[in-house]
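**Q** Input: one structure, supplied below.
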Amino acid sequence: MTRHFDCLVVGAGIIGLAHALAAVRAGLRTAVIDRDDRAVGASIRNFGFITVTGQPEGITWRRALRSRDVWAEVCAAADIPILQRGLLMCVRRPEALTVLEEFAASPMGAGCRILRGNALSGHQPVLRADQIAALESPHELRVESREAIPSLTAWLAATQGVTLFINTAVHAVDTGVVETTKGRFTADHIVVCPGPDLTTLFPAVMVRRSVTLCKLHMLRVANPGFTLPAPIMSDLGLVRYLGYAVAPSLPALRVRLESEQRDWLNDGIHLIAVQSADGSLVVGDSHHYAPTPDPFQPRAVDDRILAELSAVLSIPAPDVIERWTGIYPSGPDVAFREAPMTGVRLVMVTSGTGASTGFAIGEETIAEMLGRPMPAHQQEQA
Ligand SMILES: Cc1cc2nc3c(=O)[nH]c(=O)nc-3n(C[C@H](O)[C@H](O)[C@H](O)COP(=O)(O)OP(=O)(O)OC[C@H]3O[C@@H](n4cnc5c(N)ncnc54)[C@H](O)[C@@H]3O)c2cc1C
């Protein structure tokens with residue numbers, strides 16, 4: 001068995017896979033090592049919602065645009081269906097509409113438009129009649145992550161020359177060397193993408209960067225009998241997604257939400273509803289932060305998510321057919337990459353946006369390690 005590679009990637013979630021793709025595209029003989037026998041982490045538990053609009057201004061927004069383009073290429077090549085496109089950010093409060101107007105008028109609103117009147121009522125009765133407007137964004141893609149990630153992994157192995165080592169836990173990394181439960185591997189370049197494992201590799205970095213964990217509730221709701229025009233979000237998303245902070249009126253919306261939906265804000269709830277091939281909806285989510293999140297999924301939190309769904313879409317009694325939680329690392333940085341030793345990079349997305357930004361981050365890391373020019377999205381000014 002070959003045990004030396006140009007590039008070894010630890011972690012087969014989307015961040016590790018994105019680095020593997022960038023590495024093979026740079027001509028490196030590449031392997032990915034994961035302790036599990038298939039992806040079961042955040043990368044398959046998420047919405048599969050590759051978002052641009054609402055991402056923070058600057059490098060994160062540009063990473064999202066670039067990653068969206070790579071997803072489109074990879075989906076075509078690996079036969080991964082794109083199930084939905086765009087975003088409909090639906091609002092029911094005048095304060096939220098003002099935020100949408102300010103956002104749409106800013107550079108961050110490029111390509112977006114506000115629907116109201118006939119343009120909005122065209123989406124009824126799917127949308128409830130008390131929605132007063134919606135921001136329509138053309139930028140987003142949506143894939144079914146629990147199928148897309150295995151397909152991406154198989155495609156990288158079958159057609160891109162990436163070697164996979166599964167059921168192989170990495171317990172130490174040093175320059176040029178990866179120690180695993182299946183022995184030692186060596187590589188010129190090593191990229192560590194451990195997702196929410198904060199204690200096995202480089203725990204001191206996690207402490208220094210104040211990384212903790214975030215637990216999210218997710219639900220699958222039976223086919224409501226209609227087709228969503230696009231992935232749906234609501235007023236609550238405007239105070240959660242950092243990109244809307246460009247709107248000067250955001251504090252006024254927050255004040256109103258604090259008086260009307262305080263429990264939702266305390267649970268970190270905002271609404272995303274996306275639709276799967278069988279018509280069912282993936283609906284979420286909540287955000288609870290702790291270094292060791294509890295394993296429970298209290299019904300009260302799920303009920304608040306469902307109440308928000310029913311406040312936006314004409315689904316008065318959502319039929320929940322599946323529930324799960326997910327965990328991602330969270331910290332003051334949106335994402336970080338650092339070099340704990342020569343030839344090694346530790347890469348972590350600490351803001352729950354890895355599906356949306358991972359491909360661009362992978363390109364940056366590999367360019368940096370090879371001493372090549374940074375990709376265009378990194379060089380452009382915000
Ligand atoms: C419920 C939920 C919804 C989300 N929705 C979205 C969304 O719609 N859009 C979006 O952009 N982002 C979303 N996110 C965030 C996104 O899913 C994450 O940012 C992304 O999946 C992180 O990918 P990752 O590869 O870092 O982590 P993971 O997917 O957790 O993968 C990490 C991998 O590393 C392996 N590993 C760790 N340590 C070791 C070791 N020592 N040895 C070997 N293997 C190891 C693990 O086994 C695992 O396979 C969501 C997250 C959650 C939880």
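The values are calculated or read from the model by the stated rules, or taken from the named source; none is laboratory data. This structure is a prediction, so every number in the text was calculated from the model and none was measured. We place every Cβ from the backbone using ideal geometry, glycine too, and count neighbours over all the protein chains shown. Ligands, DNA and RNA are excluded from the accessible area calculation, which covers all protein heavy atoms including side chains. Shrake-Rupley method; radii C 1.70, N 1.55, O 1.52, S 1.80 Å.
**Q** Leaving out ligands, DNA and RNA, and with a 1.4 Å probe, what % of the accessible surface on the chain is carbon or sulfur?
**A** About 53 percent, which is the carbon plus sulfur part of the accessible surface.
**Q** So how tilted is helix 250-260 from the main axis of the chain? Cα-based, degrees 0 to 90, rounded to 10.
**A** 70 degrees
**Q** Let me test this: with uniform point scatterers at the alpha carbons of region 49-113, what is the Debye-based log₁₀ I(q)/I(0) at q = 0.20, 0.30 1/Å?
**A** -0.88, -1.31
**Q** GNM, the chain, Cα, under 10 Å: largest mean-square fluctuation among G279, G27, G326?
**A** Sorting by GNM fluctuation, first place goes to G27.
**Q** I need the Debye-formula profile for region 282-382: one equal scatterer per C-alpha, no solvent, reported as log10 I(q)/I(0) at q = 0.13, 0.17 1/Å, two decimals.
**A** Per q value, in the given order, log10 I(q)/I(0) is -0.69, -0.90.
**Q** Also, quick follow-up: Hey, what's the chain come to in accessible area per residue, 1.4 Å probe, Å²?
**A** Per residue, the chain has an accessible area of 40 Å².
**Q** Turning to a different aspect of this structure: Once amide H atoms are placed 1.01 Å from N in the peptide plane, what residues at a sequence separation of 5 or more from R345, or on another chain, have their amide H within under 5 Å of its amide H?
**A** So R345 has HN proximity to I190, V191, V192.
**Q** Loop-only trypsin sites (Lys or Arg not before Pro) in region 32-71, please: DSSP not H, G, I, E or B, and at most 15 other Cβ atoms within 10 Å.
**A** Filter output for region 32-71: R38.
**Q** Using Cα-only point scatterers and the Debye equation, what is log10 of I(q)/I(0) for region 218-285 at each q in 0.20 Å⁻¹, rounded to two decimals?
**A** Summing over Cα pairs of region 218-285 leads to -0.84.
**Q** Under the 0.36 nm per residue contour assumption, what length would be gained going from the current alpha-carbon distance of R116 and I132 to full extension?
**A** 5.1 nm
**Q** Can you give the relative contact order of the chain as a percent, counting alpha carbon pairs under 8 Å and 6+ residues apart? Walk me through the intermediate numbers first.
**A** Working: 821 pairs, mean separation 102.6, N = 382.
So the answer I get is 27 percent.
**Q** Average projected area of the Cα convex hull of the chain, in nm²? Numbers along the way, then the final one.
**A** Values: hull surface 72.1 nm².
With every direction weighted equally, the projected area is 18.0 nm².
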